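Here's the structure we're looking at; comments come further down.
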Amino acid sequence: MTEIKRKVEEAADSIRPHLKGEQAIGLVLGTGLGGIVDAIEKGVAIPYGDIPHHPVCTAPGHQGRMILGKWAGRSVIALDGRFHLYEGFTPKTISFPIRVLRALGTKMLVISNAAGGLNPNFQAGDLMVISDHINFTGQNPLVGPNEDDWGVRFPDMTEPYNKGLVDLTEKTALKQGIKLHRGVYAAVLGPSLETAAETRFLRIAGADAVGMSTIMEVITAVHAGMDVLAVSVITNVNLPDAYKPAVIEDIIQTAASSGRTLGRLFEKVLEQC
């Protein structure tokens, strides 16, 4: 057994006794969206620092704990806090919690994030289900030796976000009266926010929203054969010809405010999965 596989198994072994045997759905909660865990009937909350080899959060708005419980009648494992390249974490470290979820039997991953809007039709507080992404980070968690029993060397990325789940989320939003866009998410390295010229470039490239997370986890999940659903909370919208400063405190506050709506949407989707 390789070193990375041993570490993943040791982390999973420490969590497994808290599971009830039912296959759990994985949740990754982004900046300011940790309030979603309040809706989860908690069985146990495990600080990341108590899980062997697990990284610990440093970013604002991330609690840094794993919540195991029930939500929408389903067993869930929620990652309340995630890791970013700009914090100095390597892509493989960012992928570690996803590998642990897969080792625990998780086959479906639901991701949320806070993102800046690029599409002029968006408004702060809107939700966007991600249909595809553009990786502008220059990083990839699959670089290096491939673990063949984790996934193939060259995973297909034709449909990184499960189309059936995207369609279900759109139909559910319509039924619930929740405004939901469909769009392309671009990931950048950060932590500096985008310039006006970069914003213009990202929009020309086909992106509807931009953020500093998500794609490392999605690539890992696709490699592991998991079905992925991801939704962005649009925390601010910047048009390159009418550029305004983005304040991180305002971004976190907007994400938290819209998190209640996102939580309701996720709950109704999970009830149908």
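Values in this text are rule-based calculations from the coordinates and carry no lab data. Note that this is a predicted model, so its numbers are computed, not measured. Cβ: placed from backbone, ideal geometry, glycine included. Neighbour counts: every protein chain shown.
Observations
- Of all DSSP beta bridges in the chain, antiparallel share, percent nearest 5: 40
- Sequence ranges 232-239, 194-201, ranked by mean other-Cβ count within 10 angstrom, highest first: 232-239, 194-201
- For segment 58-216, taking the reciprocal of the average inverse distance between every pair of different Cα atoms yields a Kirkwood hydrodynamic radius of 17.3 Å.
- Straightening the chain between residue 201 and residue 179 buys 5.3 nm, computed as 0.36 nm per residue apart minus the Cα-Cα spacing.
- Between helix 163-176 and the chain: long-axis angle, C-alpha atoms, 0 to 90°, nearest 10: 60
- Mean Cβ count within 10 Å, highest first, over the residues of peptides 135-142, 221-228: 221-228, 135-142
- Using the average count of surrounding beta-carbon atoms within 10 Å as a protection proxy, the listed peptides 105-117, 78-90, 159-171 rank, highest first, as 105-117, 78-90, 159-171.
- Evaluating 6.51 cos²θ - 1.76 cosθ + 1.60 at θ = phi - 60° for every residue in segment 19-25, the Karplus couplings come out as 7, 9, x, 6, 5, 9, 8 Hz, glycine and proline recorded as x.
- Dipole moment magnitude, nearest 20 debye, segment 120-195 about Cα centre, only Lys, Arg, Asp, Glu C-beta charged: 400
- Backbone geometry of segment 51-56 corresponds, through the Karplus equation with coefficients 6.51, -1.76 and 1.60 at θ = phi - 60°, to 3J(HN,Hα) couplings of 9, x, 6, 7, x, 10 Hz, x marking Gly and Pro.
- Size of electric dipole in the chain: Cβ of Lys, Arg +1 and of Asp, Glu -1, about Cα centre, debye, nearest 20: 420
- With respect to the chain, whose longest principal axis is taken over its alpha-carbon atoms, helix 3-15 is tilted by about 80°.
- Residue among 184, 173, 158 farthest towards the positive dipole end of the chain, charges placed on Cβ: 173
- Along principal axes, Cα extents of the chain, largest first, whole Å: 53, 40, 33
- Cut-off 15 Å between beta-carbons: net charge of the residues surrounding residue 136, Lys and Arg +1, Asp and Glu -1: -2
- Gap separating the Cα centres of segment 113-170 and segment 215-238, nearest whole Å: 4
- Dipole of the chain, positive direction: furthest Cα of 139, 240, 100, with charges on the beta-carbon: 100
- Anchor residue 92: lysines whose Cα lies under 27 Å away (excluding residues fewer than 8 positions away in-chain): 5, 7, 107, 163
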